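The values are calculated or read from the model by the stated rules, or taken from the named source; none is laboratory data. Keep in mind that what you see is a predicted model, and the values were worked out from it rather than measured. With ideal geometry, Cβ positions are generated from the backbone for all residues, glycine too; neighbour counts draw on all protein chains shown. The accessibility values were calculated without ligands, DNA or RNA, using every heavy atom of the protein model including side chains. Shrake-Rupley method; radii C 1.70, N 1.55, O 1.52, S 1.80 Å.
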Amino acid sequence: MAITNGVGNIFPLLTPLLVGVIVTDPGSRSQWQIVFALTAIVFFVGNLVYIIWGTTDQQPWDAVDFLKSRDAELDQDSASVKREKAAIKAIDAKTEKAM
């Protein structure tokens, strides 16, 4: 997540620099048209990528009961850990009595 956020924050830093390189005369309409054309191309390519490879299928992690099965497994694991600890205590108690 941090890598995606870092890469996503590079472009807002570079955009004013790119505009400064393209637009040398703030009153020039043709230079601003280049900037807006580049912006339109970036948005178009982003939408095209989504149209080609994007999907609207619901993912398993979006289900309401996604964590319930995992919680049940954790409950079983914690119960087995408790049983193991109780068994160890019983064995320790028996060995202490034997000594």
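What the table below lists for this structure:
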| read-out | value |
| --- | --- |
| Which listed residue, of Val35, Val45, Val64, is open to solvent by less than 70 Å² (accessible area, probe 1.4 Å) and either outside any helix (DSSP H, G or I) or at pLDDT 95 or above (or both) | Val35 |
| Pair list, Cβ under 7 Å, 6 or more apart: the stretch 29-53 residue under 16 Å from Val19 (Cβ atoms), other residue aliphatic (A, V, I, L, M) and open to solvent by less than 100 Å² (accessible area, probe 1.4 Å) | Gln31/Ile22; Gln31/Val23; Trp32/Val23; Ile34/Ile22; Val35/Val19; Val35/Ile22; Val35/Val23 |
